[in-house]
Amino acid sequence: MTSLPSYVHGTSSLPLLGETIGENLRRTSERCGERDALISRHQGVRLTYSQIWAETSRAARGLLAGGIAKGDRVGIWSPNRYEWTVIQYATARIGAVLVNINPAYKTSELEYVLNQSAVRLLILARAFRASDYAGMLAQVRGRCPELKEALILEDGWDRLLSDGDAVPEAELAEREGQLQFDDPINIQYTSGTTGFPKGATLSHHNILNNGFFIGEACRYSEQDRVCIPVPFYHCFGMVLGNLACTTHGAAMIIPSETFEPVAAMAAVQAERCTALYGVPTMFIAELEHPDFGSYDFSSLRTGIMAGSPCPVEVMKKVTSRLNMPEVTICYGMTETSPVSTQSLTDDPLDKRVSTVGRVHPHVEVKIIDAADGRIVPRGAPGELCTRGYSVMLGYWNNEVATREAIDAARWMHTGDLATMDQDGYVNIVGRIKDVIIRGGENIYPREVEEFLYAHPDISDVQVIGVPSERYGEEVMAWIKPREGVQLSEEGLTDYCRGKIATFKIPRYWKLVEGFPMTVTGKIQKFKMRETAIDELGLAEAAAATTA
């Protein structure tokens with residue numbers, strides 16, 4: 001019997017939402033006005049839907065008072081706080097483009113993003129952990145000519161809201177009336193293979209609909225309360241988290257500024273959460289915590305595990321020990337808003353724990369032979385491509401990179417190797433792109449290599465990903481020192497601190513005289529990885545089964 005081709009499209013009786021994010025939030029606030037909308041436990045803030053509508057109105061009018069025009073870029077650089085969510089919706093309501101800035105960024109990354117997207121207003125926390133955001137901004141501000149103003153949350157938030165009180169509601173209504181759902185509304189930076197991040201540009205239509213259909217797959221309603229310990233700067237937090245909730249009237253629960261297992265477990269218990277999110281490492285940290293047994297998870301029903309390959313054994317434990325029988329896995333990428341496939345709450349257990357589910361509504365997926373572009377038969381591996389409303393508008397001010405990622409027929413080429421079974425379930429089996437996924441963070445070796453090449457005592461460098469039971473992968477750098485120079489692992493780590501994001505700093509270093517190569521001089525990274533697995537004793541981590 002001839003096998004089916006590896007192509008599916010997501011049929012649905014539910015139409016796409018043809019509205020802006022602001023219009024959708026208005027409808028939800030009218031329907032669920034007195035229900036909890038946003039609870040930030042570490043800040044002691046609790047807002048109903050009526051209150052969050054009012055707060056986003058004040059913030060939106062405050063931005064208008066500051067001269068923010070439709071299409072202006074507004075950067076936000078902060079860990080998870082209630083103000084982050086308010087700004088997400090306030091910028092959408094005035095047609096400004098929210099630029100998400102990774103809280104782990106350091107000076108060189110901050111400067112690049114501010115200039116590449118021409119951020120006009122930067123809203124930032126004063127500091128986070130060891131990062132002095134205000135100090136880092138001061139270092140680069142003189143080199144960012146388009147940046148007109150910075151607002152530190154701890155000092156300027158109340159002023160922003162009070163400024164908004166002086167702007168008539170009619171002025172905000174007039175601006176909202178000018179917006180279309182295909183307008184760009186968000187830029188999220190993904191690390192680039194050329195050494196520079198690329199700004200995936202997303203519209204209302206992209207992320208509002210993706211959030212809505214994610215919520216549908218989790219069977220959300222106004223009865224649900226979703227614990228969101230994943231970062232807002234990433235699609236996982238602001239789309240799978242916030243937009244999945246606000247499209248259904250569910251409550252957004254922020255347990256802490258950044259992931260802390262105790263804070264997440266305490267939030268589930270205290271707020272009677274029905275859903276819990278996380279990358280696999282977060283769920284592992286909760287399950288392995290010595291106080292795990294002292295928390296009550298009986299309110300949980302569902303949740304999402306995504307961001308990096310999900311180990312089958314971890315999924316099974318989450319289903320049983322965390323009382324999440326309807327937990328789902330999502331697969332996607334920032335450039336596709338982000339979710340293309342998701343397992344459903346009523347899928348068979350073996351499919352839910354060992355695949356990334358089936359195609360999302362109104363989305364197409366095909367798996368092709370990367371060499372000739374032909375669709376492969378079911379069961380054969382190939383590159384996963386996706387098409388539909390979810391595909392980004394493009395990379396901000398980077399037409400070349402956009403054309404490389406999205407072909408003439410509007411298929412987004414993910415660079416991921418996948419298979420599709422006879423029932424349409426997708427399994428991710430590898431990657432074409434040279435990318436490391438560490439705990440949900442995408443790290444492109446070329447970017448780290450380019451940074452290390454600037455070290456005066458490094459002759460050559462190659463960066464690879466090696467398996468990790470906790471993070472999925474860790475970064476490893478093979479370093480060839482200059483003739484007669486002595487380098488140390490400690491010195492190399494110190495060189496990186498404060499200059500590149502902590503998650504990009506290599507966990508392992510290997511000083512070498514050369515690299516394994518083909519006869520034509522091409523470096524064989526797969527051989528480097530095999531050597532590293534053997535030398536570092538990572539065979540068990542390498543053998544872990546994932547979806």
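The values are calculated or read from the model by the stated rules, or taken from the named source; none is laboratory data. Treat the numbers as computed from the prediction; the structure is a model and nothing was measured. Glycine also receives a Cβ, built like all others from the backbone with ideal geometry; neighbour counts cover every protein chain displayed. What goes into the accessible areas is simple: the full protein's heavy atoms, side chains included, and nothing from ligands, DNA or RNA. Shrake-Rupley method; radii C 1.70, N 1.55, O 1.52, S 1.80 Å.
Residue by residue through segment 376-406, note down the ones that are farther than 26 Å from residue 211 by Cβ and either without any contact (Cβ under 8 Å) to a residue 24 or more places away in the chain or among the acidic types (Asp, Glu) (or both). Of everything in segment 376-406, those that are farther than 26 Å from residue 211 by Cβ and either without any contact (Cβ under 8 Å) to a residue 24 or more places away in the chain or among the acidic types (Asp, Glu) (or both) turn out to be 383, 399, 400, 403, 404. Could you tell me whether residue 141 is on the phi > 0 side of the Ramachandran plot, open to solvent by 40 Å² or more (accessible area, probe 1.4 Å) and either among the hydrophobic types (A, V, I, L, M, F, W, C) or out of contact with any helix residue (DSSP H, G or I) (no Cβ under 8 Å at 6 or more places or on another chain) (or both)? So residue 141 does not fit the description; no. All of 201, 190, 194 fail the test of being modelled with pLDDT under 95, surrounded by fewer than 24 Cβ atoms within 10 Å (Cβ to Cβ) and in contact with a Gly (Cβ under 9 Å, 6 or more places away or on another chain), apart from 190. Meeting the requirement of 2 or more residues that are touching a Ser or Thr at 6+ places or on another chain (Cβ under 6 Å), in contact (Cβ under 8 Å) with a residue 60 or more places away in the chain and not charged (D, E, K, R), the strands (runs of 3 or more DSSP E) wholly within segment 179-242 are 184-190, 198-203.
Residue count for segment 273-325 under the criterion of being in contact with a Cys (Cβ under 7 Å, 6 or more places away or on another chain) and more than 17 Å from residue 259 (Cα to Cα): the result is 3. Filtering segment 243-253 to residues that are outside any loop (DSSP other than H, G, I, E, B) and aliphatic (A, V, I, L, M) leaves 243, 244, 251, 252, 253.
Candidates 531, 518: the one that is hydroxyl-bearing (Ser, Thr, Tyr), at pLDDT below 95 and open to solvent by 30 Å² or more (accessible area, probe 1.4 Å) is 518. Residue check: is residue 239 under 25 Å from residue 125 (Cβ atoms) and crowded, with 23+ Cβ neighbours inside 10 Å? The answer is yes for residue 239.
Look at (1) open to solvent by 10 Å² or more (accessible area, probe 1.4 Å); (2) over 23 Å from residue 31 (Cα atoms); (3) β-branched (Val, Ile, Thr) and you find that residue 247 fails only one, number (2).
If you go through segment 215-244 and pick out every residue that is under 28 Å from residue 78 (Cα atoms) and among the hydroxyl-bearing types (Ser, Thr, Tyr), you end up with 2.
So which residues in segment 385-426 are open to solvent by 50 Å² or more (accessible area, probe 1.4 Å) and in a helix (DSSP H, G or I), if there are any at all? Answer for segment 385-426, where residues must be open to solvent by 50 Å² or more (accessible area, probe 1.4 Å) and in a helix (DSSP H, G or I): 399, 400, 403, 404. Taken over segment 160-178, the criterion of being part of a helix (DSSP H, G or I) and open to solvent by less than 30 Å² (accessible area, probe 1.4 Å) is satisfied by 160, 161, 164, 172.
Strands (runs of 3 or more DSSP E) fully within segment 35-112 that include at least 1 residues being crowded, with 24+ Cβ neighbours inside 10 Å: 36-40, 73-77, 97-100. Could you list all residues from segment 307-336 that are in contact with a helix residue (DSSP H, G or I) (Cβ under 6 Å, 6 or more places away or on another chain), under 30 Å from residue 402 (Cα atoms) and hydrophobic (A, V, I, L, M, F, W, C)? Residue satisfying the conditions is 310 alone. When 431, 470, 446 are screened for being free of Cβ contacts under 8 Å to residues at least 40 places away in the same chain, basic (Lys, Arg) and open to solvent by 20 Å² or more (accessible area, probe 1.4 Å), only 431 passes. Screening 11, 2 for residues that are at pLDDT below 95, open to solvent by 30 Å² or more (accessible area, probe 1.4 Å) and among the β-branched types (Val, Ile, Thr) leaves exactly one candidate, 2.
A Cβ distance below 7 Å, combined with a sequence gap of six or more or placement on separate chains, defines the contacts here; from segment 25-46, residues that are within 21 Å of residue 157 (Cβ to Cβ) reach residues that are hydroxyl-bearing (Ser, Thr, Tyr) and assigned to a loop (DSSP other than H, G, I, E, B) in the pairs 42/256. Residues that are hydroxyl-bearing (Ser, Thr, Tyr), in contact (Cβ under 8 Å) with a residue 12 or more places away in the chain and surrounded by fewer than 19 Cβ atoms within 10 Å (Cβ to Cβ) do not occur anywhere in segment 117-128.
Restricting attention to segment 14-34, the residues that are over 25 Å from the mean Cα position of the chain (by Cα), within 23 Å of residue 98 (Cα to Cα) and crowded, with 17+ Cβ neighbours inside 10 Å total 2.
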